[in-house]
Structure formats: structure tokens, C-alpha cells
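Below: one structure, written as C-alpha cells.
The values are calculated or read from the model by the stated rules, or taken from the named source; none is laboratory data. Computed from a prediction, not measured in an experiment: that's the story for all the values here. As a convention, Cβ positions derive from the backbone with ideal geometry for all residues, glycine included, and neighbour counts pool all protein chains shown.
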Amino acid sequence: MNILLPKEITAASFGPATTIPALDAARGEVAWAASGLYKVGDERVDGDGIYSCVKEHTATGTSKPPSQDAVNWLLKQPTNRMCPFDKYLFTKARALHSLTYELIGVFVDGVVLYGLEADGIDISVTAGPGGANLIDPISVDLWQQAYGEFEYLFGSLARGTHYTLKGLPIHPDQRIKITVRRNNADVEAAVGYISIGNQKTLLAPNGDISAVEDGAEVATKDYGYTQDFPDGTYKDIEGRKAKNISLSCIIKADQAPFVDSLLTQIAGKAVAIEVSQMAKFSHLATVGKVTGTVRSSGGPTARAEIQIKGNV
């Protein structure tokens, strides 16, 4: 099982190859200004967030910006550029045909992408701006393998929605360039979650296979609901969906302190988890909060019980 310990992404993390501007006017983003009348529903950008006006008011030179004014403004979502770097998968960066992020990493060995709406992705990792490639450039089509012959012949093949890259060479000035692309120039490409950081792997006692036991479970959590009316009719309100995963790991006894420390580090944080890179286990992957217990028996092995509450 792989867990990515994420590196915080700030305005200083973006390289010049990033194609989504800090203020994306093409998608209707407007910067907040300390002047003029703001009406309920007006949206303005302050820092990395889009704020919605909740109380009509006139701003002056002494007015606080939306990020500091909870009376008049409510955070709606991150800006288009910053959408992939919050804790949710449904807030997505979008652009026609393709979008590119160049992230300046410091000693990171992994990249994960979730919430993809794309036909393919391209990733390169270089040593500094314009430097040598640290890995061979990667170009991946996201079409998933058919579940069977019928689906292959007659079904609509689905696109993959997540991608994991690990084992990157450590370098003090990594430049990680990620392009999410469509085949059709008139179709939007989107990505909901991007994380770079350090992969932590839980291995079985023999050290060469996943520590996860048979019986890992995944359950889809549907946040939709039904609105009932007095006449007996009802309306189904579609909601967002998340994955919850439960699993057990068998590890070496001397790895118990490491697993306990890892669970403490990620407590309360949204992290990317992948049970296995094998295609038949591709459904056992999500972004969410991890909790668990570590049980030491006094023998050569220990057991970790892990629960992942997936994010929408």
C-alpha cells in the first residue's frame, strides 16, 4: 500500500510553464477592489480563493479584503489555478483542450493525479529550469481496459480518472511538468487533485509484495438525497460520491513504530492512497482521511487495521 505525504503548494510553487493564470479572466474571475458597490451574489478573487458576496455593501479604501471579512463575504472555492490543491476532488481546474502545471519540487519522489477529465497526460521531470531530464518523459492515454469481451466490442470504454507516478529521483530543484490533454481542441480538460510529495510504502514481511491482506473492501458513499413532497411525489437530488476503503496489513514487527508514526503524521489530513498498482486493484485508490490501529502480538509480525474515509 502506498500513501503520499504531500508537499504544500503555494504561489511560489508554480513554474513559468503553468498555463492557468493566477487570475483566470477567461473563466470570469475578477479581482476584488477596495471601491464600489458589491451586491449579494457578486464573486471576487482574493488571494487563492473566489469569494461570494453575502451582504450588500460599499467598499472603500479602508475595507477589509474578502479573506478577512466574514460579515460580507463567504469563500466559495479556490481559483481555477488552485482548485487541484485543496482537499476535494470535485473542485477542478479547467481549460479548453489542455492545461499544464509546472511544479517546483524539493526532494519529492511521487506525483498523484485524481479527478481527471482527459484523454491523456504527459509528465516530465527535469533538474532545474531547462535542465536535464531526471526521468524519461511520460505520455499516457487514459482509456481503461475493458472488463470483458462484450464491453470491449459493444460497450463505451471509460477513461481513467487517476494516475500515480512514484520513484522519482531526488533533486533539490525538481521541475515537474504535468499536462492534462484532450484529443478534441473544443473539449475541456480538467483535473481535481494534484499532489507531489514522498511515497510511504507498507510491505509484507518478505519485503517484496504489498502488505495488504486479501479482503480489502471499498464502498461508494453517495451524498445524494430524496426530497419528498406532500402529495407523495419526490425528487431525487444527485449528490457527490466518495470511496471508503477498509483493509488490513501484515507488517514486520519492527515496522510497527513506523506505521504508528505515519498514521500520526497524516491524522486529519487528506492524502492519496493506492492499495496496489495492479490493474485488478485499481478501484482500491482514493484521496481521503486515514485512521487506523497497530497491533503488536510479540511475534515476528504486527497488524495494522486501516480505514480511509474518501473525499468527494
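Note on the range 190-223: residues that are under 15 Å from Ala304 (Cα atoms) and either among the hydroxyl-bearing types (Ser, Thr, Tyr) or in contact with a Lys or Arg (Cβ under 7 Å, 6 or more places away or on another chain) (or both) amount to 3.
For the range 179-216, the candidate set comprises residues that are under 23 Å from the mean Cα position of the chain (by Cα), outside any strand (DSSP E or B) and small (Gly, Ala, Ser); within that set, the residue that is surrounded by the fewest Cβ atoms within 10 Å (Cβ to Cβ) is Ala216. Screening Thr264 on (1) farther than 23 Å from Gly207 by Cβ; (2) surrounded by 13 or more Cβ atoms within 10 Å (Cβ to Cβ); (3) free of Cβ contacts under 8 Å to residues at least 12 places away in the same chain shows it passes everything except condition (2).
Looking for something of a type in the set (D, E, K, R), closer than 30 Å to Ile251 by Cβ and not assigned by TED's automatic domain parsing to the domain that holds Lys269 - is there at least one such residue anywhere in the range 2-13?
yes
Exactly one residue out of Val125, Val108 is farther than 14 Å from Ser13 by Cβ and either surrounded by fewer than 18 Cβ atoms within 10 Å (Cβ to Cβ) or in contact (Cβ under 8 Å) with a residue 40 or more places away in the chain (or both), and it is Val125.
In the range 42-61, of all residues being part of a loop (DSSP other than H, G, I, E, B) and among the acidic types (Asp, Glu), the one that is farthest from Ile178 (Cα to Cα) corresponds to Glu56. Within the range 25-41, being buried (at least 17 other Cβ atoms within 10 Å of the Cβ) and either part of a loop (DSSP other than H, G, I, E, B) or in the same structural domain as Ala95 (by TED's automatic domain parsing) (or both) holds for Glu29, Trp32.
Is it fair to say Arg295 is within 19 Å of Pro205 (Cα to Cα), of a type in the set (Lys, Arg), surrounded by fewer than 14 Cβ atoms within 10 Å (Cβ to Cβ) and not assigned by TED's automatic domain parsing to the domain that holds Tyr88?
yes
State which residue is modelled with the highest pLDDT when the search covers only the range 135-175 and only residues that are within 22 Å of Gly115 (Cα to Cα) and of a type in the set (Lys, Arg). Selected residue: Lys166. The set of residues in the range 81-110 that are in contact with a Gly (Cβ under 9 Å, 6 or more places away or on another chain), over 15 Å from Val312 (Cβ atoms) and among the aromatic types (Phe, Trp, Tyr) contains only Tyr101.
Going by the structure shown, is Leu262 out of contact with any helix residue (DSSP H, G or I) (no Cβ under 9 Å at 6 or more places or on another chain), in a helix (DSSP H, G or I) and either small (Gly, Ala, Ser) or closer than 15 Å to Thr293 by Cα (or both)?
Values: out of contact with any helix residue (DSSP H, G or I) (no Cβ under 9 Å at 6 or more places or on another chain): yes; in a helix (DSSP H, G or I): yes; either small (Gly, Ala, Ser) or closer than 15 Å to Thr293 by Cα (or both): yes.
In short, yes.
Out of Asn72, Asn80, one residue alone is of a type in the set (S, T, N, Q), surrounded by 21 or more Cβ atoms within 10 Å (Cβ to Cβ) and closer than 30 Å to Tyr38 by Cβ. It is Asn80.
If you scan the range 227-253, which residues turn out to be among the charged types (D, E, K, R), surrounded by 12 or more Cβ atoms within 10 Å (Cβ to Cβ) and without any contact (Cβ under 8 Å) to a residue 60 or more places away in the chain? Across the range 227-253, the qualifying residue is only Lys252. Is the range 212-233 home to any residue that is among the hydrophobic types (A, V, I, L, M, F, W, C), out of contact with any helix residue (DSSP H, G or I) (no Cβ under 9 Å at 6 or more places or on another chain) and over 21 Å from Leu116 (Cβ atoms)? Scanning the range 212-233, I find at least one residue that is among the hydrophobic types (A, V, I, L, M, F, W, C), out of contact with any helix residue (DSSP H, G or I) (no Cβ under 9 Å at 6 or more places or on another chain) and over 21 Å from Leu116 (Cβ atoms), so the answer is yes.
So is Lys64 of a type in the set (D, E, K, R), in contact with a strand residue (DSSP E or B) (Cβ under 7 Å, 6 or more places away or on another chain) and surrounded by fewer than 17 Cβ atoms within 10 Å (Cβ to Cβ) or not? So Lys64 does not fit the description; no. Whether a residue is under 21 Å from Gly207 (Cα atoms), touching a strand residue (DSSP E or B) at 6+ places or on another chain (Cβ under 7 Å), among the polar types (S, T, N, Q) and at pLDDT 90 or above was assessed, and Ser248 passes this test.
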